[in-house]
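The next block holds one structure in the form of structure tokens; read it before the comments.
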Amino acid sequence: MKRIYLLIAFFMLRLVSAQLDTVHYLQPIIFGLYDDTTIVAEHIYLSTPSASNITVTIRRADGTTIPRLYVYNINADTGSYVTSGSVTLSNGVPLRINIVNASNVILTPGTSPMTRPTNTAGTIIGANAGGLIFQSTGEFFVNYRGRSESQAGSVMTKGSVALGKNFIWGGTPNEYTTAVAEVGNMASMMATEDNTVITVSGIDNGTQFINGASATPITGTTVTRTLQKGQSFILYAKVKLNQLSLQDRGWLGAKITATKNIAVTVGGLMQQGGATSGTVSDSRDFAVDQLVPVEQLGNEYVVMQGNGGTQERVVVIATQPNTTISMNGNTGVNYTLANVGDYQMVPATFFTNKNMYIKSSKAVYVFHKIYGSSALNTNSFMFIPPLSCFGQNSVNMIPDAKRIGGNEYTNTQLAVLATTGNPPTVTVGGTAQAPIAGSSNIAVPGNPNWTSYRYNIAGATGGTALIKNVRISSVGTIQAELIGADVDAGFGGYYSGFGTAPIVEISIAGSPNPTRPCTGATGSSSLSLSATPGLGAYQWYKNGVAIPGATNSDYSIPITDNSAAEYNVVVTVAGNCLVYSNVVKSFSCPCYKPGATGTPEITKIGISTRTTKSTVNFPADVNNGFVALESNDKGLVITRVADPEISILNPVDGMMVFDTDDVCLKIYDGTKWSCINQTCN
């Protein structure tokens, strides 16, 4: 029997203040006609908690081209033109930025680096045409806001936490038919390094994307592009008028992977609102948010309801197969997501006193379709961060919170999630605010560790009649959600939350596959974490069930446990927060036997890239082969596919691919795909 030795493992802790960072990436987005049916004005808001001045350098996405700026001092109500690409701000001097041309005329939406013409979707957008990069030595917030008389929206950039290689295309699908041509969904992807290969896979077959100026759309279950540093690529699924189709949701749950770090923004050129008549909805508003990669996600979420009542939705998307979801503390399972990219649209009936608690067995993306008011055309969506006891305890600050440019949103509110017993302090213009009556210290169903509070920002007594600069603080961790609306438009922004939890990774020893443990009579693997002293209590799980006695930072799979399974560990830290590790999948440990005896057959077919054969008799001296290959510097690359179970619609018995998701060679046996692993005969 093969002897398996113990492993070396690690615990990785990453503490970043999410939206508050020293670098930010803003991808280009598209908004159709760029008139009152979409947006006609756009602004970038910069703020910082720093009492002293910090300098922020703004560049186009190539990192070198300097945009010409109009810089507006919000508090002083003064503006100036800046040609250096550098601006100075402090906590007392928040700024509003516009991009201008050489004649100091503000670039209109569709001509700026933030928004591009719709016919650039499906094309590679140049690094000096779309996207911006913001950098400073001090931490700051970046908030994009756009508007017209009938539309409004907001994007909170996530800082360096936004960069990664693995994402899921999220958002909210269209539920109703519409006659509005601008309704649709997009994903904007920006490269940060040269020769970045981006692959979008798992698209529902038949979904169509705008292909630049061409009348022939981009189709297929997988789309791949190679981008250079700063270049962007936007996939946009335009709605089919007056009918439900794949355009409404065929993109939802698609995997976005890259060979190098990218930033991704998703959302709607116009997101559909509630039903205006039966199964028809011509109400809409734009909704866009920046993603974080899969490794920055979590398993526990609290969603705070807006003002849309039963029209609101919560979309939960699986990042791993067989993900279960439990609602509001239910000890059972409410939903099961079988495959990566599967999603569940959770109805508003799960909100209890405007709070909803979601717990999943594996990491998930969570999106909230939220409304600024009861009007069906004030919808937006927010990308919700996971719960964390390691998050920031202040948001300092949200500048000019009830306005986009000069337009005022009279129904602007703030919702704050705080740890129980640590009520937040909210000030507007330096004046402390009391919560809205009946909205203070509201329990979260199923999770006693958190409570919510709500505040009227538009009608706050602090600040001036128009300028409402909001600051939030607490002894414990907080999350803050700002929503605003006027008669015909709504917007939203979520402050704080991402990138603050420890990332707990399982390391494997005693397995021929470094990413997967093995089990069985011929050996077994050990799983472990090297834990920071006093981090918390550990519990290991097999197939979602706690393993009795497995409460240390490491776990050895028993040799007698020969069933393939999924393993993970949950760490309970101070404050009763739960930190979830990644999930690893086991397989049968390989065995080793001597080769068969007898007279071998020669190999009759050989392919070589060498100038001379390696041996005089090649390929005949290679035994028992059908084809023999040789090369000095080349390898055999089998077809690489993410999730062949989804990507390949009609596999043939015996078909082989390399699954880039499960990182293994797979074969189709006529019924199912399986990883090829060495086992005993």
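In this calculation the C-beta distance from ALA213 to THR560 is compared with R0 = 41 Å, giving a FRET efficiency of 0.05. Projecting the Cα atoms of TYR301, THR336, TYR357 onto the charge dipole of segment 255-383 (Cβ charges, centred on the Cα centre) puts THR336 farthest toward the positive pole. Each of THR78, ALA129, THR88 was scored by the projection of its Cα onto the charge dipole of segment 62-151, and the greatest displacement toward the positive side belongs to ALA129; charges sit on the C-beta of Lys, Arg, Asp and Glu. Taking the Cβ of GLY654 as the centre, find all other residues whose Cβ is under 14 Å away and add up their charges (Lys, Arg: +1; Asp, Glu: -1). After counting each charged neighbour, the total is 0. For segment 634-650, the residues whose amide N sits under 14 Å from a probe point set 7 Å from the Cα of THR515 along the beta carbon direction are 640-644. On the beta carbon distance between LEU649 and ASN339, with R0 = 22 Å, the FRET formula returns roughly 0.95.
Our estimate of slack between VAL637 and THR551, defined as 0.36 nm per intervening residue step minus the Cα-Cα distance, is 26.7 nm.
The HN-Hα couplings worked out from phi for segment 184-194 by the Karplus form 6.51 cos²θ - 1.76 cosθ + 1.60 (θ = phi - 60°) are x, 9, 9, 10, 10, 10, 10, 7, 10, 9, 5 Hz, whole numbers, x standing for Gly and Pro.
Students often check this: by mean Cβ neighbours within 10 Å, which of 225-233, 370-378 ranks highest, and how do the rest follow?
Values: 225-233: 21.4, 370-378: 24.0.
Peptide ranking by packing, descending: 370-378, 225-233.
Full-extension gain between ALA437 and ASN623, please, as 0.36 nm times their residue separation minus the C-alpha to C-alpha distance. Gain on extension, ALA437 to ASN623, equals 58.7 nm. Across the chain, counting alpha-carbon atoms alone, Rg and Dmax equal 26.9, 94 Å. May I ask you to derive the relative contact order of the chain, considering only C-alpha pairs under 8 Å and at least 6 residues apart, and to give it as an integer percent? Once divided by the residue count of the chain, the mean separation gives 13 percent.
With both labels modelled 7 Å from their Cα along Cα-to-Cβ, the VAL663 to SER103 distance reads 5.6 nm.
To the nearest 20 Debye, how big is the dipole of the chain about its Cα centre, given +1 on the beta carbon of each Lys and Arg and -1 on that of each Asp and Glu? Could the numbers behind the result be given before it?
On the way: 41 positive and 41 negative charges, 151 e Å.
My answer is approximately 720 debye.
Here each label is just a point 7 Å from Cα along the line to Cβ, and for ASN543 and THR137 those points are 5.8 nm apart. Charges at C-beta only: +1 for Lys and Arg, -1 for Asp and Glu. How large is the resulting dipole of segment 49-173 about its Cα centre, in Debye rounded to 20? Dipole magnitude for segment 49-173 comes out near 220 debye.
Within 10 Å, count the other beta carbons around each residue, average over each peptide in 470-482, 402-414, 557-569, and list them highest first.
Working: 470-482: 22.6, 402-414: 20.2, 557-569: 17.4.
In descending order of packing, they fall as 470-482, 402-414, 557-569.
Farthest toward the positive end of the dipole of the chain, out of SER507, THR319, MET656, is the Cα of SER507, where the dipole comes from beta carbon charges about the Cα centre.
Every number in this text was worked out from the coordinates using simple rules, so none of it is lab data. As the structure is a prediction and not an experimental result, all values here were calculated from the model. Cβ sites come from the backbone with ideal geometry, for glycine too, and all protein chains shown count toward neighbours.
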